[in-house]
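Working notes for the structure below.
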Amino acid sequence: MPLPPLSFVVLDTETTGFVPGAHRIIEYAMVRVEGGAVVDTYEQLLAADDEIPPHVQVLTRIKPEDLAGKPTFADVRDDIAQKLDGDVIIVGQNVTFDLQFLKRNGIDLTERPWIDTSMLASLVFPECASFSLGYLSATLNLRHDPPHRALGDVRATLELLERVWERLCQLPQEHRAIAQDIMTRAPEGYRRFFEALPSATSTDTPAWLSCRNRDSIDVALQPCPADPPPVGTVQLFDDSLSPALLPSFIATAAKGSRRTWFAVKNLTTILRRSPPPHGATAILPPLQLPDPATIARLTQQEMFTADEASLAIKLLWYAPHHRDGFPLHGGEKDVWNGKIACTESSPAYRAQFDAKAQALLVDHRQLLMFARDEDNAVLSNDDHIVIDDASMLEDTATKTFGASIAFDDLRAAAQGDATLMHLVDLAELWTGKIRGQEEQHLLGPQDAGTREAKGLRDAVADAVARDDVPSRTRDLLLALQSFLDARSLEGAIAWTEVRLGGGQLLHRAPVTTGSLLALHLYRKHAVTLITPPGCDLVDVLPPDIVTRETACPLPGVPLSYDAPAGMTSDRLFEEPPDGRTVVLLGSKRLIEQAFIRWTERLEQGNTRLICQGFSGGQGRMEAEFLASPHAMLVLTPWMYETLDLPAASVDLLAIDSLPFDHPSHPVTHLRSERSGNGFTAYSLPRLLHRLFRILRTFSRQRTSGGRVLLLDKRLHEKTYGRTVLAYVKSVCGNGSRPAGAGSGQMAML
């Protein structure tokens, strides 16, 4: 396949960590291409002063003995710099990471033209579920030799660039003109790359230039009527492991005479599983929808960042109706959140309410926003509100009746506006000073009274008053402004935290949510809650609210499980089961230990180990898990709840430890303290809620013989363990097995 007729260097580094100032380069590799041919190849292992962390040894397969007697980076810096001489474009997969490390080590290429192949791949491979080099190498059959090493990554990246170029050359003139117009205003590397495209020879749109949706799940629907309760009485409807329950509810209501709102936790996931039937429609939240006015504003910018440019091309090529309708990747997500997404006042969002349907689907947060609005014109007194997954209402109400802001979103919104960019810098300095070295720090009224807060408050007020600030940006500024008001921090739970990548966030939550739900929802509307069977609805349903219970008309779905005493997850790693296994470990520290201990051993047995925190983001982990016939996916229970795997994709779910809330989390800690006996009144009911959701998630993803293993020794050693086992048995129905049944793992499987 031809390469672009440009001079460029494809490079990669292997490092001891992710922070340029704290970690070291231990391998560097590159190839130089001139006139479409490779003219130079270089690779070098590099000695480092600090030790190679165990997880990095597993990731890179570089051991301390491999670096014995090798030069340091300083020893070869001049040789590397010489090979980068001339007017060359720097190319790499997630190349900004490598550029920052090289800059820290005395080779500053950040002002040189560069391009990121992961971004380019996301432009022209919309069918791919991930744009990591490992996944693309497997999916596109790239030459990736040796794996895990810098030169292997460089070779795979070079071939990926060839594949990207091949697809770009297939574009008809219309699409090519769009890309070249945008890229003339993008960073120089992208401008030169797209200028080098040959003249279009095709007038047909290539088949790949469309986004493919996952096949929906076919489930047998049954009539599932739910008569609305009187206003002020909450109807409780036991949930089931059956994937047909909610679709049956919706299909029945769509044919009814009374309008019914269905509020779900994750609307986009529900829609991916099954589109709404005739007579039903979905109202997507503002953040999921592109605003045509902001798209026009973005595409007319005089200059673009790399992420803005790639997003602008995708918006014009794919014309997505919603956020999940095209391959949104990397930093483009911040640009979408900061510049493109609708607000509650956007015409594109409001137009959804013109739909004539008897069943309307919204997410939890939208419903609570409607209910909270004193001038609410969306919900009618005659409407019936059905809330699926009601055990999550506390968490959703915590966010809806509180506030949060991610500074990465605000910074993306501020791009191109020097005044707003300075404001974001001030905001990050203010929160960073408050937080100090802590990853998480509680906020109080005193933090809004500092000199820095006053200066920031004045700057935000000036920005909000500007007429030229887009509505999405104004919403973000108003969220920030609320944290600078001491009154909003009184009697609230507020804190600042930092993400793994360094991004800072602010959160504020009410002390309790049950009373707010009663005030804005239960006392004003006919409400049915679909709840985990046999659980107290902690901080969801206040004791003074009248309830009535209604039996589920659908038969239960049995789920096989076992709780073998004395067995640990180590046994699964030692003797990996056939097929695909999900293992839920209780902390990121335990996941790291499993990654270090088992990755290479399992690879020798042809089983792929995919670990949260070490195998990319959620999309990449899902994609690589599904691409491997023998795989073990290791993650926390909290992430598993959000996992969107198709039916018949998981053979075994192993729960290593009971997924209690983290007791140190600000909201959990304070609400538990307010509940008297915090463990039995708050923590244990929330544990049972989460266990039910995990089992329900697995029931939708399991193969016909799929089963669950409960491995926490507390099930057999603690008094509450019997309560948990009894609950699991009641939920799993006829598919259950007595705890400890079977004569070991292999007999059970």
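Quick notes on this structure:
- Average projection area in nm² (convex hull over Cα atoms of the chain, one quarter of hull surface): 33.3 nm²
- Distance in nm between pseudo-label sites at Asp108 and Lys588 (7 Å out along the Cβ direction from Cα): 3.2 nm
- Extending 7 Å from the Cα toward the beta-carbon at both Arg548 and Asp49 defines two label points whose distance is 7.5 nm.
- The chain: relative contact order as a whole-number percent, Cα under 8 Å and 6+ apart: 12 percent
- Per-pair calculated FRET efficiency, R0 = 41 Å: Thr201 and Ala74 via Cβ, rounded to 0.05: 0.25
- Cβ charges +1 (Lys, Arg) and -1 (Asp, Glu), total dipole of region 335-488, debye: 400 debye
- FRET efficiency for the pair Thr642 and Ala81, taken as 1/(1 + (r/R0)^6) with r the Cβ-Cβ distance and R0 = 41 Å, rounds to 0.40.
- In the structure shown, the pairs Lys265/Lys524; Lys339/Lys399; Lys103/Lys454; Lys333/Lys454 are assessed against 26 Å; a Cα-Cα span above that value is assigned to Lys103/Lys454; Lys333/Lys454.
- Taking the Cα centre of region 35-105 as origin and assigning +1 to Lys and Arg Cβ atoms and -1 to Asp and Glu Cβ atoms, the resulting dipole is close to 200 debye.
- Note on Leu554, Leu519: ascending count of other Cβ atoms within 10 Å places them as Leu519, Leu554, the fewest first.
- For region 288-372, relative contact order (Cα pairs under 8 Å, six or more residues apart, normalised by length) works out to 40 percent.
- Relative to the current alpha-carbon distance between His716 and Gln437, full extension at 0.36 nm per residue lengthens the span by 96.4 nm.
- Bridges between two residues of region 8-195, per DSSP, are antiparallel at a rate of about 70%.
- Toward the positive end of the charge dipole of region 560-748, with +1 on the Cβ of Lys and Arg and -1 on the Cβ of Asp and Glu, the farthest Cα among Phe698, Leu687, Ser649 is that of Leu687.
- Nearest 10 degrees, 0 to 90: helix 150-169 Cα axis against the chain principal axis: 80 degrees
- Since only Leu420, Phe18, Thr723 are under comparison, the one whose Cα sits farthest along the positive direction of the charge dipole of the chain, derived from C-beta charges on Lys, Arg, Asp and Glu, is Thr723.
- Principal-axis analysis of the Cα atoms of the chain puts helix 588-604 at an angle of about 60° to the longest axis.
- Fully extending the segment from Glu302 to Asn266 would add 9.3 nm, taking 0.36 nm per residue of separation and subtracting the current Cα-Cα distance.
- Each peptide in 384-390, 637-643, 286-292, 484-490 was scored by the mean count of other Cβ atoms within 10 Å over its residues; highest first, the order is 384-390, 286-292, 637-643, 484-490.
- Relative to the longest principal axis of the Cα atoms of the chain, helix 618-627 runs at roughly 90 degrees.
- Using R0 = 25 Å, the C-beta based FRET efficiency linking Glu428 and Gln618 works out to 0.45.
- Average Cα contact separation per residue, region 8-195, under 8 Å, 6 or more apart, as relative contact order %: 20 percent
- Options Leu584, Ile385, Pro146, ranked by Cα towards positive dipole end of the chain, top entry (Cβ charges): Ile385
- Separation of alpha-carbon centers, region 608-626 and region 567-587, rounded to whole Å: 15 Å
- Here the residues Thr419, Thr203, ranked from fewest to most Cβ neighbours within 10 Å of their Cβ, fall in the order Thr203, Thr419.
- Extension gain (nm, one decimal) between Ala627 and Arg499, 0.36 nm per residue minus Cα-Cα: 43.2 nm
- Protection proxy ranking, highest mean first, for peptides 557-564, 62-69: 557-564, 62-69, where packing is the per-residue count of other beta-carbon atoms within 10 Å, averaged.
- Take each peptide in 587-597, 76-86, count the other Cβ atoms within 10 Å of every residue, and average; sorted highest first, the result is 587-597, 76-86.
- In the chain, the calculated helix contribution to ellipticity at 222 nm averages -11000 deg cm²/dmol per residue, counting -39,500 (n - 2.57) for every DSSP H run with n ≥ 4.
- Electrostatic dipole magnitude of the chain [Cβ: Lys, Arg +1; Asp, Glu -1; Cα centre; debye, to 20]: 1980 debye
- Measuring between their Cα centroids, region 316-363 and region 39-101 lie 42 Å from each other.
Values in this text are rule-based calculations from the coordinates and carry no lab data. Note that the coordinates shown come from a computational prediction; the quantities given were computed from them, not determined experimentally. As a convention, Cβ positions derive from the backbone with ideal geometry for all residues, glycine included, and neighbour counts pool all protein chains shown.
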